[in-house]
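First up is the structure itself, then whatever we jot down about it.
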């Protein structure tokens, strides 16, 4: 505790998100006192291409004791599964991380040498990325130390690694990319651990086709909570992530803390959803998963909410497997009240969208939007955190029951406080653009995030009989879904309706977002990728695609000069 402000430390690099915050307005709703704002160190360290940002959870002290217990239990549930994401990302990650942990903690030799500093840098990279591959580019980290030196460190602290794990560190060609979408076989070229290393894309797709044909309920999220392995007979089968299955020890602890959370839930709807989530973790039953999501999306009362399970499929080249993540949230009351008008007018946005009538929802159901303060994150949501979330992902649940959207207000605020003015000056065309960004940039970023999550992801519907995007678009599904949400946000952010609703003071906010979006998508986001490497992360691919298309077409008709 410092000045009665509960805070956590998060390591971020320009925010891995559904859209990066693009402006610099101070968010007084999460800032605490003016004195705390002036003295709080948001930006304590930088290494390689990453920042460490600290963020405050000012709203924690406003909770009742029961609510604080609920937050604590939910955070503990999330932390209980944090090792899962390491193993999901790559089969040798956990062994390598544990060896690095032991070396950093116990090595008593010379810690001033250049090679030791390189080991420390490598360890920080692994801790940040939840593994030995970069969280954005998916390329493997290059150690700046020799194998001989590293094996000496292992020996000095009594640790060891299997030969293949050592090869993974030092052989640049071995399992070089976590996700590689450039080759003819998406699985053979990708090191991610959702499939056995000898399983081909054709085998996995045939397995899913057969599985789908045998499903009683074709709407279940097939393959979401399992790894596909080859059994002793040479046949493919699922190793389900559940109590008694894969990751059982961690999942038992997750379930334990979720049960304690249910005991102090704010209301019966929240408690019922938590109990269903525990049932899902114990059984691995995907029908129970759907039942939980329906209960969760309908549990809208209360000040505390959470995300916990195997959810986003970005890390699966085929788009089936959910990465483990947890986010615990405390409602920001003032900011949520101001932004509620977005979800309240969701039907207007749906009706006026520039898409085919067949793709519009006739009745937009159950969309909620809140600005929240993050109280804890783990798994795929940490250390590189999102700034906005819209769930659940199942299209039929969204159509029939609605969705929840949140903006992570204290994360966005920390990002704004840590950014300096130099970048804006360097990459602005003139002083008018600088002034517009300074006046409206933060508001523009927040509005874009709200429209992206609430109106973008939550809008539209598939035509009857059309298969899910992961089946029809495969590895293009995730970046195209992010592009769809971004384009909806970019379309509406210049609409006079937003000024009419009191969400924006003028259309100059939209102009500020256009400036920021194009610069980021076309140039600035490339700072996260080493020269010569390929953009692989879904949100980055989306922003690059949209920005390049706009600039290409804009140059043709004189709307844009480069």
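What follows draws every value from the coordinates through simple rules; no lab data is involved. Model, not experiment: these values are computed from the prediction. Every residue, glycine among them, receives a Cβ derived from its backbone with ideal geometry; neighbour counts consider all protein chains shown.
Odds and ends about this structure:
- Most to least packed among 548-556, 219-227 [average Cβ atoms within 10 Å]: 219-227, 548-556
- An oblate overall shape is assigned to region 286-355, the ratio a/c of its alpha-carbon gyration tensor axes (a ≥ b ≥ c) being 1.5 or greater and a/b not exceeding b/c.
- Subtracting the Cα-Cα distance of residue 66 and residue 400 from their residue separation scaled by 0.36 nm leaves 117.0 nm.
- Separation between Cα centres of region 476-539 and region 36-67, rounded to whole Å: 26
- Alpha-carbon spread of region 163-310, three principal axes, descending order, Å: 53, 39, 30
- log10 of Debye I(q)/I(0), alpha-carbon scatterers only, for the chain at 0.08, 0.10 Å⁻¹: -0.53, -0.86
- Counting every C-alpha pair in region 91-170, the share spaced more than 14 angstrom apart comes to 59%.
- The packing ranking, built from the mean of other Cβ atoms within 10 Å per residue, places the peptides 164-171, 474-481, 270-277, 368-375 in the order 368-375, 270-277, 474-481, 164-171, highest first.
- Virtual spin-label span in nm between residue 156 and residue 205, 7 Å along Cα→Cβ: 5.0
- Enclosed volume per residue, in Å³, of the convex hull spanned by Cα atoms of region 404-486: 138
- Between residue 249 and residue 173, the modelled labels are 3.6 nm apart [label points 7 Å from Cα along Cα→Cβ].
- Distance in nm between pseudo-label sites at residue 142 and residue 497 (7 Å out along the Cβ direction from Cα): 5.0
- When you work out D = kT/(6 pi eta Rh) for region 382-524 at 25 °C and 0.890 mPa s, using the Kirkwood radius from C-alpha pairs as Rh and the Stokes-Einstein form, the result is 147 µm²/s.
- Calculated [θ] (222 nm, deg cm²/dmol) that DSSP helices of n ≥ 4 give over the chain, each run adding -39,500 (n - 2.57): -14000 deg cm²/dmol
- Region 260-292 versus region 168-217: alpha-carbon centroid distance in Å: 31
- Sorting 235-241, 512-518 by average packing, meaning the other beta carbons within 10 Å per residue, from highest down gives 512-518, 235-241.
- Gain in span if fully extended, residue 463 to residue 534, counting 0.36 nm per residue against the direct Cα distance: 22.2 nm
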